[in-house]
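Remarks on the structure that follows.
Quick note: the coordinates plus some simple rules give every number you see, no bench work behind them. In this text, all values refer to a predicted model and were calculated from it rather than measured experimentally. Because the Cβ atoms are built from the backbone with ideal geometry, glycine has one as well, and the counts that use them run over all protein chains shown.
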Amino acid sequence: MTTSTASREISAAPHVSLTLDSLDLAETYDLLGTRQYEHGKILVRELRVRRGQHVLDVGCGTALLTKHVADLVGPTGRVVGIDPLPPRIEVARRRARDNLTVQVGRAEDLSAFADETFDVIFYNSVFHWLPDKPLALREAHRVLKKGGRLGISTAAKEQPHDSDNLLKLAFGERDASKHHILHKVTSSELALLLGRTGFSSRLIIRTFTDQFSGVDEIIAFNVASSFGNAFSALNAEQKARARETLDAAAAKYRNPDGVIVLRRHLIFAVAEKRPQ
Ligand SMILES: C[S@@+](CC[C@H](N)C(=O)[O-])C[C@H]1O[C@@H](n2cnc3c(N)ncnc32)[C@H](O)[C@@H]1O
């Protein structure tokens, strides 16, 4: 597939709204987003973040992982977190300190930063939300130093999460996609996009297993992680019915203790900006 084919397919995906977030959802994400935080630490380890480095966290959310990176770069380093959602930045700002700043901003427009500013840039659980991935990658490439590293963890299109299969089981293939809108790519699409932008990359898929006490926790996690997009097409009555349908379908994923066990499959990409 060419880059233009990839962008055409990706932009044909349904619209992700950036207007449905709230302080309440951001605070819920800060509690339930420990799942993204845990795999984010693996991504950061693979990026070999060192003391004194200058790092950009794109789509930092409430800055749980940004703070971890600030500890790694230490007082001589610097981390900047950007996120398009003001409520996420409001919560993230509570973690700001001398070597950690956050600001509202989008992956597709890094004009706040000069060329070759950062040693490391990462998107942790963000890339599948971006409608224009080639533009975002070009911006990351521009603001990375030569030899700098880019890290991506993102849902693998070729290996659907159990939660995707649960939604399909509950609502059918067509309606499931209305409830959880992600612009996923496959590993080979991502490798191609990275190569065309001027990166050399290594990619692998890792599987994570999440446990949920019940469907209410699944719904809360998905709504907070999607900044209000999941289930947003439904009115209150439809939501109550959807909850019942989901609860029945979730029986397949319950362990003997009644806990719902769901696997997620994520592409981990570590890319390096090629010296021209
Ligand atoms: C699941 S959260 C991940 C947050 C954080 N990276 C973490 O690991 O906890 C997805 C984040 O992507 C951000 N996002 C969505 N569209 C974006 C865009 N166009 N540019 C940058 N970030 C975006 C959302 O605002 C949200 O905070």
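A few remarks follow.
- Here segment 99-147 is treated with +1 on each Lys and Arg Cβ and -1 on each Asp and Glu Cβ, and its dipole about the Cα centre works out to around 100 debye.
- Think of the chain as a dipole: +1 on every Lys or Arg Cβ, -1 on every Asp or Glu Cβ, centred on the Cα centre; then among Pro75, Ser125, Ile205, Pro75 lies furthest on the positive end.
- Segment 1-159, relative contact order [Cα under 8 Å, separation at least 6], %: 24 percent
- In this structure, the residue pairs whose Cα-Cα separation is over 25 Å, taken from Lys41/Lys252; Lys67/Lys145; Lys133/Lys273; Lys168/Lys239; Lys67/Lys184; Lys41/Lys184, are Lys41/Lys252; Lys67/Lys184.
- Additional length obtainable on full extension of the chain from Asn165 to Glu90, 0.36 nm per residue less Cα span: 23.6 nm
- Cα-projected label distance for Arg48 with Asp115, points at 7 Å along beta-carbon direction, nm: 2.6 nm
- Calculated FRET efficiency, Leu234 to Ser188, Cβ-Cβ distance, R0 = 35 Å: about 0.50 to the nearest 0.05.
- Whether segment 207-272 is rounded, prolate or oblate, judged on the alpha carbon gyration tensor where a/c under 1.5 counts as rounded: oblate
- For the pair Val261 and Thr19, a Förster radius of 45 Å applied to the C-beta separation gives a FRET efficiency near 0.85, rounded to the nearest 0.05.
- Across segment 232-242, rounded Karplus estimates of 3J(HN,Hα) from the backbone phi angles (6.51 cos²θ - 1.76 cosθ + 1.60, θ = phi - 60°) give 5, 6, 9, 7, 4, 5, 5, 5, 5, 5, 4 Hz, Gly and Pro being marked x.
- FRET efficiency for the pair Glu27 and Ala251, taken as 1/(1 + (r/R0)^6) with r the Cβ-Cβ distance and R0 = 30 Å, rounds to 0.45.
- Residues whose amide H falls under 5 Å from that of Leu100, counting only those 5 or more places apart or on a different chain, are Val79, with hydrogens built in the peptide plane.
- Of all DSSP beta bridges in the chain, antiparallel share, percent nearest 5: 55 percent
- Vicinal HN-Hα couplings computed from phi for segment 244-251 (Karplus, 6.51 cos²θ - 1.76 cosθ + 1.60; Hz; Gly/Pro x): 4, 4, 5, 4, 5, 5, 5, 3
- Relative contact order computed over the chain (Cα-Cα under 8 Å; 6+ residues apart), in percent: 22 percent
- Near Glu108, no amide H atom lies under 5 Å from its own; only residues 5 or more places off or on other chains count, and H is placed 1.01 Å from N.
- Near Glu158, the amide H atoms lying under 5 Å from its own belong to Ser187; only residues 5 or more places off or on other chains count, and H is placed 1.01 Å from N.
- Maximal additional length on extending the Arg35-Arg241 stretch stands at 71.4 nm, based on 0.36 nm per residue less the C-alpha distance.
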